[in-house]
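Visitor: Please read through the structure below; I'll follow up with questions.
The values are calculated or read from the model by the stated rules, or taken from the named source; none is laboratory data. All values derive from a computational prediction rather than experimental measurement. Here Cβ is always computed from backbone atoms with ideal geometry, including for glycine, and neighbour counts include all displayed protein chains.
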Amino acid sequence: MKNYYEKVGLAIPNILLPDLKDKEAWSKWACVACDQYTSEPEYWEEVRKSREGSVSTYKLMLPEVYLNDNDVDNKIKAINYNMEDYLSDGTLKDQGPCIILTERKTSEAPVRRGAVVALDLERYDFTKGANALIRATEGTVVERIPPRMKIRKEAVIEMPHVMVLIDDPKKTVIEPLFDAPSEEVYDFDLMENGGHIRGSKISDEKVIGKMAEALENLESEILYAVGDGNHSLAAAKCHWEEVKKAGADENHPARFALVELLNIHDEGIIFHPIHRVMFNVNPYEFFDELEGFFEDKASYMECMFKTETPTYDGCSTIKFINQGQEGFIFIEKDGTLAVGQIQAFLDYYLQSHKDASVDYIHGEDTTEELSRKFVGEGKCNIGLILPDVDKSEFFETVIKQGALPRKTFSMGEAFEKRYYIECRKIR
């Protein structure tokens, strides 16, 4: 790829953007990341209806809520057809080699600034204990990769919802780009409570070269930490390995992946825990097995009224909610995060309770809503509210502990996630 900075695994991509005339058309073009609202099919049905008759990235992606549908193969074929169509009919225009600067504002956070770039998948390793330039920050579930590879296999373009973090306390990499001359390419309100986004294009090789130099000069032991979308990036990596094995040139576009680069010290980046909802469980069995699993180093307390989260020295505290109860689980700390402790138990529980399932939820309100739903006699849903994650200790924790337990944190609530806007050819 042209404009490739090998030392930092950075490439300047040819961005594709739609040729749209008004803000309303842009609003319909953009769509939130496919891995959101996975237990809320009604959300995605509303998105589908709102995009009828419009060009939209919704027609270029598969919401994960539909991954297990019987007609998933037909959905993927339709996506591939729409990609080809948008390229051939002129919907997508090549912006030339550039980076896109983004400014995202939501109701919950200050402006978040980022830069859409391409990273070299040869420099990425998601396996545990990896020492690569680009690293996963959460455990990767390999079983989740094949369905995503299936979507990418015949795709002619990619869209980024992956957000990659750098540790740049002096703000030398991304922030100076916003002082350089740039060309506005979009400015509109995102649908479905997504806030506002503005994008501007920088093509100046000197400006981009200084950015690459600043990346090279960062002092962190980890240059790039995948903050969001790790499984999608892992699927892109595995797809590239297959393409390479089939004899592809080393400069094949599938070698690179489009991401949004963000400074963890940006005021607009707020870390939230990812909560869990256990579906269709017997609460008495659940709590009995919880105490047994931790060999009496865990207990739980039901509360009759809402109360502040209690804390006990040497214990992690996790709030639980179901249809008729609310309370707290206490687990003796063992040097790992609370999310890792409870996830180990959930994995164990699910092995022997095949009719139960788990989902990973962004936002306490949604977690509580799902947890309160009636299931049936003797069964309920149990929501687990995880404690906050301190982003100031994030890089240090990953360096010391390696990849964190899967679904540990989220950069913002579901509606604050990255919306698909930019595209890039990968074939």
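Visitor: Among the numbered criteria (1) in contact (Cβ under 8 Å) with a residue 24 or more places away in the chain; (2) under 22 Å from ILE145 (Cα atoms); (3) not aromatic (Phe, Trp, Tyr), which single criterion is violated by ASP69?
Guide: Going through (1) in contact (Cβ under 8 Å) with a residue 24 or more places away in the chain; (2) under 22 Å from ILE145 (Cα atoms); (3) not aromatic (Phe, Trp, Tyr) one by one, ASP69 breaks only (1).
Visitor: Give segment 186-204 a look and list any residue that's surrounded by fewer than 18 Cβ atoms within 10 Å (Cβ to Cβ) and either modelled with pLDDT of 95 or more or of a type in the set (Ser, Thr, Tyr) (or both), or say none.
Guide: ASP187, ASP189, HIS196, ARG198, SER203, ASP204
Visitor: If you check ALA225, ALA155, ALA214, ALA235, which single one turns out to be assigned to a strand (DSSP E or B) and either in contact with a helix residue (DSSP H, G or I) (Cβ under 8 Å, 6 or more places away or on another chain) or over 20 Å from SER410 (Cα atoms) (or both)? So that I can check it myself, show each step before the final result.
Guide: Details: ALA155 fails: assigned to a strand (DSSP E or B); ALA214 fails: assigned to a strand (DSSP E or B); ALA235 fails: assigned to a strand (DSSP E or B).
The unique qualifying residue is ALA225.
Visitor: Continuing with the same structure: Looking at segment 354-378, which of its residues are among the basic types (Lys, Arg) and exposed (fewer than 14 other Cβ atoms within 10 Å of the Cβ)?
Guide: To start, the set of residues in segment 354-378 that are among the basic types (Lys, Arg) comprises 354, 372-373.
Of everything in segment 354-378, those that are among the basic types (Lys, Arg) and exposed (fewer than 14 other Cβ atoms within 10 Å of the Cβ) turn out to be LYS354, LYS373.
Visitor: Sticking with this structure for a sec: Name the single residue, out of those in segment 331-341 being at pLDDT below 95 and surrounded by 17 or more Cβ atoms within 10 Å (Cβ to Cβ), that is farthest from ARG276 (Cα to Cα).
Guide: Step by step, filter segment 331-341, then rank; the result is LEU337.
Visitor: Please work out which residue is surrounded by the most Cβ atoms within 10 Å (Cβ to Cβ), limiting yourself to segment 392-427 and to residues that are of a type in the set (D, E, K, R) and in a loop (DSSP other than H, G, I, E, B).
Guide: Within segment 392-427, the subset of a type in the set (D, E, K, R) is 393, 396, 400, 406-407, 413, 416-418, 422, 424-425, 427.
If we keep only those that are in a loop (DSSP other than H, G, I, E, B) too, we end up with 406-407, 413, 417-418, 422, 427.
Working: ARG406: 19, LYS407: 22, GLU413: 20, LYS417: 22, ARG418: 28, GLU422: 26, ARG427: 12.
Checking each candidate, the answer is ARG418.
Visitor: Related question: So which strands (runs of 3 or more DSSP E) are wholly in segment 241-328 and hold at least 3 residues that are over 30 Å from the mean Cα position of the chain (by Cα)?
Guide: Working: elements: 256-263, 271-273, 275-281, 298-302, 315-321.
Per the criteria, 298-302.
Visitor: Looking at segment 329-367, which of its residues are part of a helix (DSSP H, G or I), without any contact (Cβ under 8 Å) to a residue 12 or more places away in the chain and either in contact with a Lys or Arg (Cβ under 7 Å, 6 or more places away or on another chain) or charged (D, E, K, R) (or both)?
Guide: Once the filter is applied, which keeps residues that are part of a helix (DSSP H, G or I), without any contact (Cβ under 8 Å) to a residue 12 or more places away in the chain and either in contact with a Lys or Arg (Cβ under 7 Å, 6 or more places away or on another chain) or charged (D, E, K, R) (or both), segment 329-367 yields ASP347, ASP365.
Visitor: If you check ILE145 against the conditions, is it in a helix (DSSP H, G or I) and touching a Cys at 6+ places or on another chain (Cβ under 8 Å)? Don't jump to the end; show me each part of the working.
Guide: Working: in a helix (DSSP H, G or I): yes; touching a Cys at 6+ places or on another chain (Cβ under 8 Å): yes.
It is true that ILE145 is in a helix (DSSP H, G or I) and touching a Cys at 6+ places or on another chain (Cβ under 8 Å).
Visitor: Of all residues in segment 186-206, count the ones that are in contact with a strand residue (DSSP E or B) (Cβ under 9 Å, 6 or more places away or on another chain), not in a strand (DSSP E or B) and not polar (S, T, N, Q). Working first, answer last.
Guide: As a first pass, look at segment 186-206 and keep what is in contact with a strand residue (DSSP E or B) (Cβ under 9 Å, 6 or more places away or on another chain): 186-203, 205.
Filter again for not in a strand (DSSP E or B), leaving 191-194, 203, 205.
Narrowing further to those that are not polar (S, T, N, Q): 191-192, 194, 205.
Residues that pass the stated criteria total 4.
Visitor: Filter segment 53-100 down to residues that are aliphatic (A, V, I, L, M) and in contact with a Pro (Cβ under 7 Å, 6 or more places away or on another chain) and give me whichever is surrounded by the fewest Cβ atoms within 10 Å (Cβ to Cβ).
Guide: Of all residues in segment 53-100, those aliphatic (A, V, I, L, M) come to 55, 60-62, 65, 67, 72, 76, 78-79, 83, 87, 92, 99-100.
From what's left, in contact with a Pro (Cβ under 7 Å, 6 or more places away or on another chain): 55, 65, 67, 92.
Details: VAL55: 20, VAL65: 19, LEU67: 17, LEU92: 23.
Residue satisfying both the conditions and the ranking: LEU67.
Visitor: Same structure again: Among what's in segment 1-39 and is in a helix (DSSP H, G or I) and among the aliphatic types (A, V, I, L, M), pick the residue that is nearest to TYR419 (Cα to Cα). Talk me through it step by step, then tell me what you get.
Guide: First pass over segment 1-39, keeping only residues in a helix (DSSP H, G or I): 6-8, 23-29.
Of the ones still in play, those that are also among the aliphatic types (A, V, I, L, M) are 8, 25.
On the way: VAL8: 26, ALA25: 15 Å.
Of everything passing the filter in segment 1-39, ALA25 is nearest to TYR419 (Cα to Cα).
Visitor: Taking GLY268, is it closer than 30 Å to ASP120 by Cβ, modelled with pLDDT of 90 or more, buried (at least 16 other Cβ atoms within 10 Å of the Cβ) and small (Gly, Ala, Ser)? Steps first, answer last, please.
Guide: Numbers: closer than 30 Å to ASP120 by Cβ: yes; modelled with pLDDT of 90 or more: yes; buried (at least 16 other Cβ atoms within 10 Å of the Cβ): yes; small (Gly, Ala, Ser): yes.
The answer is yes for GLY268.
Visitor: While we're here: Exactly one of (1) surrounded by 18 or more Cβ atoms within 10 Å (Cβ to Cβ); (2) touching a residue at least 40 places away in the same chain (Cβ under 8 Å); (3) touching a Leu at 6+ places or on another chain (Cβ under 8 Å) is unmet by TYR37. Its number?
Guide: Result: TYR37 passes all but (3).
Visitor: Also, quick follow-up: Do you know which of the residues in segment 392-406 that are out of contact with any Leu (no Cβ under 9 Å at 6 or more places or on another chain) and touching a residue at least 12 places away in the same chain (Cβ under 8 Å) is nearest to PRO273 (Cα to Cα)? Reasoning before the result, please.
Guide: Going through segment 392-406, the residues out of contact with any Leu (no Cβ under 9 Å at 6 or more places or on another chain) turn out to be 392-393, 396, 399-400, 402-403, 406.
Then drop every residue that is not touching a residue at least 12 places away in the same chain (Cβ under 8 Å), which leaves 399, 402-403, 406.
Details: ILE399: 19, GLY402: 18, ALA403: 16, ARG406: 11 Å.
Ranking the qualifying residues of segment 392-406, first place goes to ARG406.
Visitor: With respect to ALA25, determine if the residue is under 22 Å from the mean Cα position of the chain (by Cα) and not polar (S, T, N, Q).
Guide: Numbers: under 22 Å from the mean Cα position of the chain (by Cα): no; not polar (S, T, N, Q): yes.
For ALA25, the condition - under 22 Å from the mean Cα position of the chain (by Cα) and not polar (S, T, N, Q) - is not met.
Visitor: Here's something else I'd like to know. Counting just the residues of segment 200-240 that are more than 21 Å from GLU143 (Cα to Cα) and basic (Lys, Arg), which one comes out farthest from the chain's Cα centre (by Cα)? If you could, list the steps in order and put the result at the bottom.
Guide: Taking segment 200-240 as the starting set, the residues that turn out to be more than 21 Å from GLU143 (Cα to Cα) are 200-225.
Now restrict to residues that are basic (Lys, Arg): 201, 206, 210.
On the way: LYS201: 24, LYS206: 31, LYS210: 28 Å.
So, considering only residues that are more than 21 Å from GLU143 (Cα to Cα) and basic (Lys, Arg), the one farthest from the chain's Cα centre (by Cα) is LYS206.
Visitor: Just give me the residues in segment 209-246 being of a type in the set (Asp, Glu) and under 18 Å from TYR4 (Cβ atoms), in sequence order. Write out each step before concluding.
Guide: Of the residues in segment 209-246, the ones of a type in the set (Asp, Glu) are 213, 216, 219, 221, 228, 241-242.
Within segment 209-246, GLU213, GLU216 qualify.
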